[in-house]
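Q: Take this structure first; my questions come after.
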Amino acid sequence: MDAIRQACITINDWMGASTFGRIFRLQGSGHDKEIPNTRFLTEIRAGVTTFFTMAYIIAVNASVLTDSGGTCVCNDTKDPTCSADPAYNACLLDLNRDLITATAAIAGFSSFLFGFLTNMPVCLAPGMGLNAYFAYQVVGFHGTGGVSYRLALTAVFIEGFIFIFLSLIGMRQWLVKMIPSSIKIASGCGIGLFLAEIGLTYSAGIGAITGGTATPLNIAGCPPEYLDDNGFCTSHEMTSPTMWIGIFCGGIVTSYLMSYKVKSAILVGIALVSIMSWPRTTSFTYFDYTEAGDSRFNFFKKVVAFRPIHSTLNAMDWDITVAPTHFALALFTFLYVDIIDCTATLYSMARFSGVVDTETGDFPRSTLAYCTDAFCISVGALFGCSPVTAFIESGAGIAEGGKTGLTAMTCGFCFLVSMFFAPIFASIPPWATGCTLILVGCLMIRQIVNINWRYIGDAIPAFVTVMFIPFGYSTAYGLIAGIMVYTALNGPIYLTKLISRGHIVPDDEDHREYWTVRPQGKLPWFISAAQNVSGRFGHNEVHDPSSASLGSGNSQEKFGSQYETSHDGVEAIVIEMNPPGKR
């Protein structure tokens, strides 16, 4: 063991001191902005860990997009879904194999590119939720929606270039800075709970919960034969062998190893449960003797197999006049959901990895990060996939010690390799990664103590954000809910203070976080240009409404620094005010 440990140290030191290490700012590289405690082998291990937590997307995304019917054509006048048409079902099987390759290819390309250009440990792939919206609402089940699969891909392709434009003018970065500090922290905590909720479901977890009729959620954990058509347990709750294997061999073993700071704890847990679930003779096998199990096992037996993309590559339809209204609606929805979802996820992952600048509220190479993400959305459309986005499962690699783009590049390389080993990587059961997502959620929610709980105008919007992200099953809508509550609550408080000339203010006003619509850092291009034009017409001395804030006068006098920490450890973002008449 000592020899192995010494060999690892030697490799880390050699890579850190090389030009390669300097590019990625590894420890020992001598770079001015060297990232502390970054080791080459740690980054590789973190990337592999992230890949294993994301590997389910290969099979799941292909399955979801296959339900849209893709490029398959249904000509049955009696059954618009062609569910009983053998030829159509054969086409769907081919489509599914194409989408497995396409999903692995775009996840590998986008993660590798993102890591190389941004040096951030964040991986990209076709997003869950966005793929469901694409398949079931835009295109419809087996193409029964208002927009064809090919036309929907065109909307996704155009969306990517619109995102690039918004990123270049600074709009996406400015939107992040505009969000109050407690809500930004709460979004990361909400994503942690969201991960835990995903880890508890059947589709990507241990299957401990399911939806309900009398209640929003029900205890589940029943074997598959006791699930009804709606996915609810009819009986035998909490008796599923796969759930208990996932809990003890995935959750408890991983947690035990983490308590001793074992570096590969998460990876060991995923591998252990996966290998245990492959033999067909057990009660918790992933290859049960059903039609679906037989199909998975037949694919698994191939071990090494590459499936070329036949039908989804460059399958876009540019005849927008076929359904202009539905096309515009789909494009707009993709835009506002993805811009909030991906922007919030990227910021939360950057904060989780510790690279957010405390003064500006931004992270390094943010413009390049947003542009790369947007570019990958358009490339994904060329492969036939729904919008690509930053994956919250990247938190698993960050928790494993990943801090640089090498983590994302390693994950991307694994996805590219998985195109040739798709039978293996598509056979990682969801209960093998379920407890991993729960543990990562536990690590992410620890920052909840940094929310400003002392002032109700900050605490309630933050709580709504934390609560709504997992319960609404959407990062985007959770963040929207928090911002709406913040505005609805703090707006009247500010107006009351303004009308009463400062006589009627909340008792704990001094504890609130200072907020302004003119955040620290560089303003978006279009705002700076407007100010320059205004200045040319002699309006420099007029009152600048963008400096208005929801902070109290006492708070403005009390805080003079950009970023301070109060006595009880609650972080507050404050911006130094310009004295009157000095604008």
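Q: What FRET efficiency, computed as 1/(1 + (r/R0)^6) with R0 = 56 Å and r the Cβ-Cβ distance, is obtained for V73 and S255, rounded to the nearest 0.05?
A: Values: r = 50 Å, r/R0 = 0.90.
The calculated FRET efficiency here is 0.65.
Q: Follow-up question, since we're still on this one. Using amide H atoms built in the peptide plane, which far-off residues or other-chain residues are under 5 Å from H236 H to H?
A: none
Q: Also, I was wondering about something else. Diagonalise the Cα gyration tensor of the range 164-232 and give the resulting equivalent ellipsoid semi-axes, square root of 5 times each eigenvalue, largest first, whole Å.
A: That gives 38, 14, 11 Å for the three semi-axes.
Q: Tell me the per residue accessible area of the range 39-469 using a 1.4 Å probe; a whole number in Å² is fine. Numbers along the way, then the final one.
A: Details: 16020 Å² over 431 residues.
For the range 39-469, the per-residue accessible area is 37 Å².
Q: Tell me, what is the percent relative contact order of the chain, built from C-alpha pairs under 8 Å that lie six or more residues apart? Mind dumping the intermediate values first?
A: Numbers: 1095 pairs, mean separation 146.3, N = 583.
RCO, the chain: 25 percent.
Q: Given the -39500 (n - 2.57) contribution per DSSP H run of 4+ residues, what per-residue ellipticity at 222 nm results for the chain, rounded to the nearest 500 deg cm²/dmol? Walk me through the numbers before you get to the answer.
A: Working: 22 runs with 308 residues, N = 583.
It lands at -17000 deg cm²/dmol.
Q: What percent do you get for the relative contact order of the range 213-264 when only Cα pairs under 8 Å and 6+ apart count? Intermediate results must be reported in sequence, preceding the final value.
A: Numbers: 31 pairs, mean separation 14.1, N = 52.
Computed over the range 213-264, the figure is 27 percent.
Q: Next up: How large is ³J(HN,Hα) for each residue in the range 191-198, as worked out from phi by the Karplus curve 6.51 cos²θ - 1.76 cosθ + 1.60 (θ = phi - 60°), to whole Hz, x for Gly and Pro?
A: 5, x, 5, 4, 4, 4, 5, 4
Q: Another question, if that's okay. So what's the convex hull volume per residue for the Cα atoms of the chain, in Å³? Provide the component values of the computation, followed by the final result.
A: Working: hull volume 112.0 nm³, N = 583.
Value for the chain: 192 Å³ per residue.
Q: Calculate the tail of P(r) for the range 369-408: the fraction of all Cα-Cα distances greater than 17 Å, expressed in %. Mind showing how you got there, number by number?
A: Details: 330 of 780 pairs.
Percent of Cα pairs beyond 17 Å in the range 369-408: 42.
Q: Given a cut-off of 20 Å, what percent of all Cα-Cα pairs of the range 6-71 lie beyond it? Please list the in-between numbers first.
A: Values: 1037 of 2145 pairs.
Above the 20 Å cut-off, the range 6-71 has 48 percent of its Cα pairs.
Q: Roughly speaking, what is the stretch gain from F141 to T213, that is 0.36 nm per residue apart minus the C-alpha to C-alpha distance, in nm to one decimal?
A: Details: separation 72, 0.36 × 72 = 25.92 nm, distance 2.33 nm.
That works out to 23.6 nm of additional length.
Q: What shape does the range 270-397 have by the C-alpha gyration tensor, where a ≥ b ≥ c are the square roots of the eigenvalues, rounded means a/c under 1.5, and otherwise prolate means a/b greater than b/c and oblate the rest? Before the final figure, lay out each step's value.
A: Values: a/c = 2.66, a/b = 1.32, b/c = 2.02.
The shape class here is oblate.
Q: Right, something else. Report the gain in length on full extension from V417 to N230: 0.36 nm times residue separation, minus Cα-Cα distance, nm rounded to one decimal. Show your work: numbers first, answer last.
A: On the way: separation 187, 0.36 × 187 = 67.32 nm, distance 3.60 nm.
Between V417 and N230, full extension yields an extra 63.7 nm.
Q: Tell me, what ³J(HN,Hα) does each residue in the range 41-47 have, in order and in whole Hz, if you take phi through Karplus 6.51 cos²θ - 1.76 cosθ + 1.60 with θ = phi - 60° and put x for Gly and Pro?
A: Result, ordered by residue: 5, 5, 5, 5, 5, 5, x Hz.
Q: Now for a separate question. Mind checking which of L65, L168, I179 is farthest towards the positive end of the chain's charge dipole, using Cβ charges of +1 (Lys, Arg) and -1 (Asp, Glu) about the Cα centre?
A: L168
Q: Then there's this: Where does the range 95-161 land on Rg/Rh, using Cα atoms and the Kirkwood Rh? It would help to have the intermediate numbers written out before the result.
A: Working: Rg = 13.8 Å, Rh = 13.3 Å.
Here Rg/Rh amounts to 1.04.
Q: Amide H to amide H under 5 Å from A125: which residues, 5+ apart in sequence or cross-chain, H placed 1.01 Å off N in plane?
A: Those lying under 5 Å, H to H, from A125 are T389, F391.
Q: Tally up the carbon and sulfur contribution to the accessible surface of the chain as a whole percent, 1.4 Å probe, everything protein left in place. Don't skip to the answer; put the middle values down first.
A: On the way: 16840 of 25940 Å².
Percent of accessible area from carbon and sulfur atoms in the chain: 65.
Q: Further question on the same structure: With each label point set 7 Å from Cα along the Cα-Cβ vector, what nm distance links F116 and C8?
A: 2.8 nm
Q: The range 91-241: D in µm²/s via Stokes-Einstein (Kirkwood Rh, Cα pairs, 10 °C, 1.306 mPa s)?
A: Approximately 83 µm²/s, per Stokes-Einstein.
Q: How many angstrom lie between the C-alpha centres of the range 123-158 and the range 186-242?
A: Here the answer is 25 Å between Cα centres.
Q: Please give the Cα centre distance for the range 258-306 versus the range 380-451, rounded to the nearest Å.
A: Cα centroid of the range 258-306 versus Cα centroid of the range 380-451: 17 Å apart.
The values are calculated or read from the model by the stated rules, or taken from the named source; none is laboratory data. Since the model is a prediction, treat every value here as computed from it, not as a measurement. Heads up, the Cβs are rebuilt from the backbone with ideal geometry, glycines too, and the neighbour counts pull from every protein chain shown. Surface areas here come from the heavy atoms of the whole protein model, side chains and all, with no ligands, DNA or RNA. Shrake-Rupley method; radii C 1.70, N 1.55, O 1.52, S 1.80 Å.
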